[in-house]
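> For reference, the structure I am asking about is given below.
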Amino acid sequence: MALRTGVGIVGVAIFLVVVLNISEGSLAARFIVGDSARWSFGYNYTDWAINNAPFFQYDTLVFKYDPPNSATFPHSVYLMKNLRSFLECDLSKAILVGNVTQGDGQGFEFLLKKRKTHYFACGERNGTHCKIGLMKFSVLPKRPCEA
């Protein structure tokens, strides 16, 4: 009898894990960063993030931008190490998550896997787009159950 009860508990636990994983995935949203402005110089992404909040763990940010050409400035996306590097647009310890060609077409997707503040910035022109072009923003995803 004890073996049967143990198997039943394990079965219920597996069922709950599957249901929770399905519900997390089904609650996730996709955001095109900047909406119709996409990822471009001169747009205020801090305002965009505020207006689109809240963001949740497992949401996806889609960065779309033109590849380098004679008519546009190149753009990239960096994940900044911390608040200080974000505020100062210091790319020295940042991680390149989207190079100058990855934003073309469907763009590239960044999944908000962790519940921590994510600091994003354009690193082109040695951080100038970040410093004077407002090409930076941060998000702190909530748990999916905090909706």
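> Can you give me the distance in nm between label points at T46 and K131, each placed 7 Å from the Cα along the Cα-to-Cβ direction?
1.7 nm
> When the Kirkwood radius is taken over all Cα pairs of region 29-146, what Stokes-Einstein diffusion coefficient follows at 37 °C and 0.692 mPa s, in µm²/s? Before the final figure, lay out each step's value.
Working: Rh = 14.1 Å.
It diffuses with D of about 233 µm²/s by this estimate.
> What list do you get for C130, C89, C145 if you sort them by fewest beta carbons within 10 Å? Walk me through the numbers on the way to the answer.
Working: C130 26, C89 22, C145 11.
Neighbour counts put them in this order, fewest first: C145, C89, C130.
> Moving on. Rounded to the nearest 0.05, what FRET efficiency is calculated for E146 and R84 with R0 set to 35 Å and r the Cβ-Cβ distance? List each step's numbers first, then the result.
On the way: r = 27 Å, r/R0 = 0.78.
For E146 and R84, the calculated efficiency is 0.80.
> Obtain the radius of gyration and the Kirkwood radius of region 45-102 from its C-alpha atoms and give Rg over Rh. Please list the in-between numbers first.
Numbers: Rg = 13.4 Å, Rh = 13.4 Å.
The Rg/Rh ratio comes out at 1.00.
Only the coordinates and a few stated rules stand behind these numbers; no lab work does. Everything numeric in this text was worked out from a predicted model, so none of it was measured. Cβ: placed from backbone, ideal geometry, glycine included. Neighbour counts: every protein chain shown.
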